[in-house]
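Written below as structure tokens is the structure these notes are about.
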Amino acid sequence: MLKYFGKRLLVLLSVLVGVVLFVSTLTYLIPGDPATIILSQRATPEVRQKLIHELGLDLPPLVRFGQYWWKIFHGDFGYYMLSGRPVLPEVLSAVPYTFILATVGIFFSLFIGMVLGILSIYYKDTLFDHILDVLSATALSVVQYVAALGLMLVFSVALDWFPAIGMGDKGDIVGQIRHLVLPVLALSISWIGYIQRIVRQVLAETLFSEYVKTAKSFGIPRRRIIIRHCLRNAVKPLVTVVVTGWGALLGGSVFIESIFARKGLGRLIVTALTQRDYYVAQAGIMVAVVLFIIAVMLAEIINAVVDPRIRLE
Amino acid sequence: MKRFSVLVILLVAASVLAFAAPEKVLRATSTWQASFDTASVGSGNIPVHSLIYEWLVRYKGGTAEVEPWLAKSWEVSKDGTTVTFRLQQGVQFHKGYGEFTADDVKFSIERIVKEKLPEAETWKNLDRVEVVDKYTVKLIMKSPTPTIFTIALPFQAGQIFCKKAVEEMGASAFNKTPVGTGPFEMTSFEVGQSITLTKFAKYWGKRTLDADKVVFSFPSDPLTALQAGDLDFAPVYSALNIADGKKAAGLDAVFRLTRFWWVSLPCTDPILKDVNARKAIRAALDIDAIVKVAGFGIAPRGYAMVPPGLPGYWKDAPKYSRDLAKAKEFLKAAGYPNGFTVPFLANSNTNDPAVEIIRQNLAEVGIKLDVNSVEDSTYWSLAPTGKYITIISYQTLPDAGYTLCWFVSDQFWNTMKWSNKQFDDLYNKGQMTMDKNERAQIHIKMQQLMDDDCAMAYVGYLPNGVIYRKGAVDFGPNNEALLVNGVVDTSRIRMK
């Protein structure tokens, strides 16, 4: 098994290098230079050229790439272009906020999705089941940023139940939870629909299996059969969905973070790209890819632990 | 008895806590902060910087006049080259960096020139700054400079830094912990997320803004955040935002019309280098329609670059109206009787409806636009290249020279790449003319030259302003918290 994971790690590391190289190339190809964007209108061509030279932007692209990777291997991820602040601490400081949002979001989705999936199979082919089917398909189609804006307009502007922006003050746990509610809901809606449908499908398949028929013939209650015998088969696909979904959310929460003005990795990357702050953008993307790789590895480990058949294979 | 005493103490403590004045927090947004070095960044950062830094003189109550501030008085020498300032005494810098003195004035202004910071252009006529004594300082110019009190001292190039803080911390650290003499000091800064400033206990002056804390955040949709009650005000720089703010329930907007708005006609384009081709475009445009649609009922039509009310306003500027027959005559004179195709640059972040009107107007005379719609940062990189027609606006200050300086030859932000030696000579002359009337005439003549050459088609004046929650804040008599260019000086806001 160690050999298996070792091979997987090598593959994923090469994915990391490939992704960062590709994204770095794209970043440098975006028109516009940071000097024009960062400096005021009063900046003369001499001032602009001075900043371009200081930032090394007048070097050939291959030289810049080489210098960048040389510094990475020595632990230097560069500096913010105008302020000179080191990049890596700022990027890493954004990760916990995205981590909290993604973790709470995905586990909230998992809980609600599983409950709804179990209920829909328990009341299979009833009106309730059909309603849930329509609702989950709708939820699956809802785009996160549309959900975010809708939730904000209803619950913040119209009802004033929850704040629209920010993360709450440090030390104010209740305030921070209140600031988390709408972003988590916006993130979760489509995942709830997705998880509900996966759970329902897996349970529907296993309800017709031989061992379930045997359990029924022994008079075991239907509810117990579903939860104790059928649900275990849903664990493997759910683990994959949840863990890779979590990894995707770590880098893909940019819309939610931007709309709700929350600090986070996604928002940091987008702001850096807008400002052509290349070092910040590249460091942010690298961190996001590493987190995704960790999530994928985690999914494989958990599946191997839960499902002995994988270990034997 | 003991239990009773404890109960009484607890009740009293609870009452004190319940009735203790809650912290007064002003919540706002601003443009993204690249740096706290005010001489290096755009004026959109002034809402934050105006709380931290101050000036020797400042604009008085939303006008172009100045009043003493960190300088309590000044004298100008007979030849107009030297200004001697007497400084306020006992003014303290934040974070225990001591008293503000003449050394800080010398440092703040000279570093801009020595380090060639972006605002060095404002001080290009400076010879040196001389410290006479602890509270007296002289600005010695190479020649009389009329812009000292119009755009240099009361704006970005004149904000005062603490010499000791900058030298001790270094530029990189100073960007995280700026030190000034303002009524608020920065206590936390999360990149792209929030800036928190708290009341500076040792502030020397009389406070207008009575808040304990000011928090700036950067939401993508400030209007919704205002309506949700999460912000008290949001500076905005577009007619659409102002119009939305005025219509939204519970919100209102104040603004000043100080951004001149025009269609830039690239003068080095192979086709448009012919003045007849540019005149054809000007004659084909329906400027009234553009103003009506893209001005959102806020922006008025204008016929000259310098806005009304400023010295140098050209009130007799020709009032062009749409004339398709004339446009076709100009096209024929340019050698393109059936029209031509030219590239056009549009900013996809603003979704400006003017772009479609311009496209349709010009199509009627056979001029086809190859529209390149790009995101905001790319737009501002490509606009100065002089390769595109574009509809654009620049802000102005209470000095027509500032408005016109962008169009001297070889200026980076001369989007038309228009070059006229007489214009350049007049500009240089105007920068050294002290007589206001004579200077105004020079600036009018400059606008005439641009108009004769049809380097641009004037559209109007766009607003800079603020959307705010009614009942949350007040901007003072004559909206004095809005500087003369519509950018907000947060230190002059009153909380309700």
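Under the condition of being part of a loop (DSSP other than H, G, I, E, B) and of a type in the set (Ser, Thr, Tyr), which residue from region B:145-167 is farthest from the chain's Cα centre (by Cα)? If we take residues in region B:145-167 being part of a loop (DSSP other than H, G, I, E, B) and of a type in the set (Ser, Thr, Tyr), then B:THR145 is farthest from the chain's Cα centre (by Cα). When B:THR187, B:THR177, B:THR224, B:THR181 are screened for being β-branched (Val, Ile, Thr), at negative phi and either modelled with pLDDT under 90 or touching a Cys at 6+ places or on another chain (Cβ under 6 Å) (or both), only B:THR177 passes.
Which of the residues that make up region B:431-460 are surrounded by fewer than 17 Cβ atoms within 10 Å (Cβ to Cβ) and either outside the structural domain of B:ASP286 (by TED's automatic domain parsing) or acidic (Asp, Glu) (or both)? Answer for region B:431-460, where residues must be surrounded by fewer than 17 Cβ atoms within 10 Å (Cβ to Cβ) and either outside the structural domain of B:ASP286 (by TED's automatic domain parsing) or acidic (Asp, Glu) (or both): B:ASP435, B:GLU438, B:ASP452. The number of residues in region B:252-272 that are over 22 Å from B:ASN485 (Cα atoms) and touching a helix residue (DSSP H, G or I) at 6+ places or on another chain (Cβ under 6 Å) comes to 3. Taking region B:97-125 as the range and being over 15 Å from B:GLN159 (Cα atoms) and at pLDDT 95 or above as the test, the residues that pass are B:TYR97, B:GLY98, B:GLU99. Taking region B:258-343 and the helices (runs of 4 or more DSSP H) fully enclosed by it, the elements with 1 or more residues that are under 23 Å from B:TRP413 (Cβ atoms) are at B:275-284, B:287-294. Scanning region B:359-395 for residues that are buried (at least 20 other Cβ atoms within 10 Å of the Cβ), away from chain A (no Cβ under 14 Å) and out of contact with any Leu (no Cβ under 7 Å at 6 or more places or on another chain) gives B:ILE367, B:ILE391.
Would you say B:ASP244 is surrounded by fewer than 23 Cβ atoms within 10 Å (Cβ to Cβ), touching a residue at least 24 places away in the same chain (Cβ under 8 Å) and touching a strand residue (DSSP E or B) at 6+ places or on another chain (Cβ under 9 Å)? Yes, satisfied.
Taking the condition of being crowded, with 18+ Cβ neighbours inside 10 Å, of a type outside the set (Val, Ile, Thr) and at pLDDT below 90, how many residues in region A:108-156 meet it? Qualifying residue count for the region: 1.
When you check A:LEU62 against the structure, is it out of contact with any strand residue (DSSP E or B) (no Cβ under 9 Å at 6 or more places or on another chain), more than 28 Å from A:ALA283 (Cβ to Cβ), away from chain B (no Cβ under 14 Å) and hydrophobic (A, V, I, L, M, F, W, C), yes or no? No, not satisfied. Where helices (runs of 4 or more DSSP H) fall wholly inside region A:173-283, the ranges with 1 or more residues that are closer than 30 Å to A:ASP76 by Cα and in contact (Cβ under 8 Å) with a residue 40 or more places away in the chain are A:232-252, A:254-259, A:265-274.
Exactly one residue out of A:LEU149, A:LEU127, A:LEU140 is within 11 Å of another protein chain (Cβ to nearest Cβ), of a type in the set (A, V, I, L, M) and out of contact with any Pro (no Cβ under 7 Å at 6 or more places or on another chain), and it is A:LEU149. Just a yes or no: is a residue in region B:359-373 of a type outside the set (Lys, Arg), part of a loop (DSSP other than H, G, I, E, B) and either modelled with pLDDT under 90 or not assigned by TED's automatic domain parsing to the domain that holds B:ALA325 (or both)? No - not one qualifying residue is present in region B:359-373.
The values are calculated or read from the model by the stated rules, or taken from the named source; none is laboratory data. Bear in mind the structure is a predicted one, so any value in this text is a computation, not a measurement. Don't worry about glycine lacking a Cβ; one is built from the backbone with ideal geometry, like all the others, and counts go over all protein chains shown.
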